[in-house]
1. How about segment 44-137: which trypsin sites (Lys or Arg not before Pro) there lie in a loop by DSSP and see at most 16 other Cβ atoms within 10 Å?
2. How compact and how long is the chain, expressed as Rg and Dmax of its alpha-carbon atoms in Å?
3. Would you pull out the residues with amide H under 5 Å of Arg236's amide H, same chain only if 5 or more places away, H placed 1.01 Å from N?
4. Mind listing the phi-derived Karplus ³J(HN,Hα) values for segment 42-55, rounded to whole Hz, using 6.51, -1.76 and 1.60 with θ = phi - 60°, and x for any glycine or proline?
5. For the chain, take the longest principal axis of its alpha carbons; what is the angle in degrees between that and the long axis of helix 192-209, to the nearest 10 within 0 to 90?
6. Using amide H atoms built 1.01 Å from N in the peptide plane, name the residues 5+ places from Ala155, or on other chains, whose amide H lies under 5 Å from its own.
7. Specify which residue in the list Gln159, Leu117, Gly176 is farthest towards the positive end of the charge dipole of segment 114-177, using unit charges on the beta carbon of Lys, Arg (+1) and Asp, Glu (-1), about the Cα centre.
8. For an R0 of 41 angstrom, estimate the FRET efficiency from the Cβ-Cβ distance between Thr87 and Ile38 and round to the nearest 0.05.
Amino acid sequence: MSRRERVADPPQEARGPRGAAVTVTGLSKTFPSGEGGITAVREADLAIEPGGTVALTGPSGSGKSTLLHLIGAIDVPDAGTITVDGTEITAAGRGALSRYRRTVGFVFQRFHLLPALTARDNVIAPLLPYRRRAGALARATELLAAVGLAGREDALPSQLSGGQQQRVAIARALIGDPGLLLADEPTGNLDSATGTEIIELLLALNTDLGTTMVIATHDPSIAARCDRTVSLRDGRIT
Ligand SMILES: Nc1ncnc2c1ncn2[C@@H]1O[C@H](COP(=O)(O)OP(=O)(O)OP(=O)(O)O)[C@@H](O)[C@H]1O
Ligand SMILES: [Mg+2]
């Protein structure tokens with residue numbers, strides 16, 4: 001059988017299927033604000049199979065970012081459970097939680113690259129200070145090639161276009177070999193052609209690496225490319 005064109009090879013130490021299974025039940029989050037607060041996520045239930053791609057849609061303020069932050073354990077829910085690969089992260093202690101966070105990749109609308117670091121150093125930044133090892137540098141170079149930036153490893157963010165900066169951010173999200181990638185409007189700061197390229201890249205990486213992906217987006221054409229769309233309205237999955 002001819003070898004299909006791949007954008008990324010799994011890391012050498014890859015262990016079986018790569019994508020995380022995510023189960024969310026009864027998840028709620030209220031932020032303090034005036035009387036009663038703002039309930040950003042309301043009794044959300046969601047099951048994502050390993051390697052699945054889910055588009056998270058809904059109007060501004062409907063709770064997309066909050067739900068991503070809860071799933072990525074960078075915010076804490078008031079109620080409900082999140083289970084990832086059989087581990088209930090909402091019941092995990094600090095050590096287990098910080099280990100879990102290292103298995104999640106985040107991609108943001110505004111890239112959030114460190115301006116003084118080269119593309120390669122931005123990619124390995126999540127591993128610092130522990131692992132500025134040859135293996136990490138080699139993997140960063142591989143991932144930059146996989147996102148279409150071979151030869152630009154030493155460029156600073158200011159020397160890259162928006163689309164190229166988002167490619168660096170995607171490589172950075174993948175450096176920890178995550179089972180789960182959470183992208184919050186990854187094309188929101190890009191023109192539509194560049195945005196389409198970024199989504200094609202994410203979906204190609206999903207195919208090659210099997211990484212489970214949740215992508216918050218306002219763009220119905222992006223949502224249509226994912227396996228499934230989950231719509232939020234006033235914090236509720238509709
Ligand atoms: N840290 C916070 N403190 C108070 N309220 C918050 C906080 N974060 C979010 N909210 C509120 O929670 C609700 C959901 O916000 P969230 O950012 O999750 O929406 P969103 O769907 O991502 O919107 P957008 O499409 O504009 O990014 C909004 O009413 C918002 O104002
Ligand atoms: Mg948001």
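The values are calculated or read from the model by the stated rules, or taken from the named source; none is laboratory data. Computed from a prediction, not measured in an experiment: that's the story for all the values here. So basically every Cβ, Gly included, is an ideal-geometry build from the backbone, and we count neighbours across all protein chains shown. Accessible surface is based on the protein model in full, side chains and every heavy atom, while ligands, DNA and RNA are left aside. Shrake-Rupley method; radii C 1.70, N 1.55, O 1.52, S 1.80 Å.
1. Working: sites: Lys64, Arg94, Arg99, Arg101, Arg102, Arg110, Arg120, Arg131, Arg132, Arg133; in loops: Arg102, Arg110, Arg131, Arg132, Arg133.
Loop-located and lightly packed - Arg102, Arg110, Arg131, Arg132, Arg133.
2. Expressed in Å, the Cα Rg and Dmax of the chain come to 17.6, 64.
3. Arg42
4. 10, 6, 7, 10, 7, 10, 10, 7, x, x, x, 10, 10, 8
5. On a 0 to 90 degree scale, this one is about 90.
6. Hits under the 5 Å cutoff: Ala119, Arg120.
7. Towards the positive end, the residue furthest out is Gly176.
8. On the way: r = 29 Å, r/R0 = 0.72.
E between Thr87 and Ile38, to the nearest 0.05, is 0.90.
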